[in-house]
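The values are calculated or read from the model by the stated rules, or taken from the named source; none is laboratory data. Quick caveat: nothing in here was measured; it's all calculated off a predicted structure. Virtual Cβ from ideal backbone geometry, glycine too; neighbours counted across all protein chains shown.
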Amino acid sequence: MTATVSGLMAEIADTGRDDARGGYSRPVYSTAEQDLREWFSEQARRRGLDTGTDSNGIIWAWWDTPFGVRDDAVVTGSHLDSVPGGGAFDGPLGVASALAAVDLLRERGLTPAKPIALAVFPEEEGSRFGVACLGSRLLTGAIDPDKARNLRDPDGNTFADVAAAAGLDPRHVGPDPDALGRIGSFVELHVEQGRGLIDLDQSVGIGSSILGHGRWRLRVLGQGNHAGTTLMEDRHDPMVAAAGIVTAVRDCALRHPGARATVGRMVPVPGGTNVIASAVDLWLDVRHADDAVTAAVVEAIHAESLRVAAAEGCTVRLTEESLSPTVHFDPALRSRLGGLLPGAPVLDTGAGHDAGVLAAALPTAMLFVRNPTGVSHSPEEHVEDDDAEAGARALADVLQGLAGK
Ligand code: HGY
Ligand code: MN
Ligand code: MN
Ligand code: MN
């Protein structure tokens, strides 16, 4: 029985709905994301794939060759966690398409000459612990395991405690050269998070590069006090400084063509309506194709922030949380995909992906599927059924081309 992508997506359409924000909130190791992990594992087992979760929380589902040697495998997959109030497709589309592609290949009677594996990576969004692609960073050694273990979620839970509650042994997270050594190439299918394929009027595109990006925390320190008894002229209000800093972030980005800088999250401390905050945490997301420009934008924002804060009698502390250099996908693999998908356009992307982390360790490529709204990290994100099935067919063609006889 061949499942369609839209049929598989319909099965998980109610998991992790966020009625307050709209869209989905599926933080890593939350009940919703755990339900999706279990759904995927069941789907994989139903297809006879040898399925298990490794010490980093990555789920692997293996379609072995008749000889059973797990070497030079062709791997595809994505993630099931989401941003708060995210869309249905960012992550799950790649996972559902991988399952549907296996069905299509079985229907075509393929006996893989190389093993094919499906993979689901935890904490791709970094929405719970603040570091994007945490699972693939642990796998490849791109993050220190101790730093990972001590990351905290907004409720103060450490990654070690949450991972342990999810059944992992936090002492064993970290680089896994054996797992990496089994992979010959990795191809991630993902909903496009922009307008490229709309403007090209195409269903599927091939990834060329991922914009370098990073995350920083700006802590603005002021003088907490009573909202009623503190005269305006006596205040050192970090919220006022923070408001000026958010505008400065936009202005610094505009002064560097091609740069993108966002403050998507701002948390006053202690956060009482009748309390002048003592501090405000802002999280900064800065991206540019040239890593030196990203650094220059952050430097300009830091300098501006110090000036704006000083004018309010406040100070600012900047902390780097994660950094991902610009990634150009493997040219040889990319041209092989071009041969397997004639006419598919090549796209760069401003969004980060596990494929971007794995690209540092092995030949990696991406496929994108048209999103007719061009909007992502939002309930408006969408994929039409026909495009979703076209994506699964394209992925099946790629897997067959890379792993077939
Ligand atoms: O932030 C990103 O670009 C990705 O969606 N995690
Ligand atoms: Mn994603
Ligand atoms: Mn995302
Ligand atoms: Mn992503």
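Of everything in the range 310-363, what is part of a helix (DSSP H, G or I), under 23 Å from residue 292 (Cα atoms) and charged (D, E, K, R)? Give them in sequence order.
354, the sole residue that qualifies.
Show me the helices (runs of 4 or more DSSP H) found entirely inside the range 5-117 where at least 3 residues are within 16 Å of ligand 4 (Cβ to nearest atom). Even if it seems obvious, please write down each step before you answer.
Numbers: elements: 5-11, 31-46, 92-107.
Ranges flagged: 92-107.
Can you pull out the strands (runs of 3 or more DSSP E) entirely within the range 161-239 that have at least 3 residues that are over 20 Å from residue 127 (Cα atoms) and not assigned by TED's automatic domain parsing to the domain that holds residue 284? Don't jump to the end; show me each part of the working.
Details: elements: 183-191, 204-210, 212-221.
Output list reads 183-191, 204-210.
Would you point out which residue out of 299, 304 is farther than 21 Å from residue 211 by Cα, away from ligand 2 (no atom under 16 Å from the Cβ) and in a helix (DSSP H, G or I)?
Values: 299 fails: farther than 21 Å from residue 211 by Cα.
Result: 304 is the single residue among 299, 304 that is farther than 21 Å from residue 211 by Cα, away from ligand 2 (no atom under 16 Å from the Cβ) and in a helix (DSSP H, G or I).
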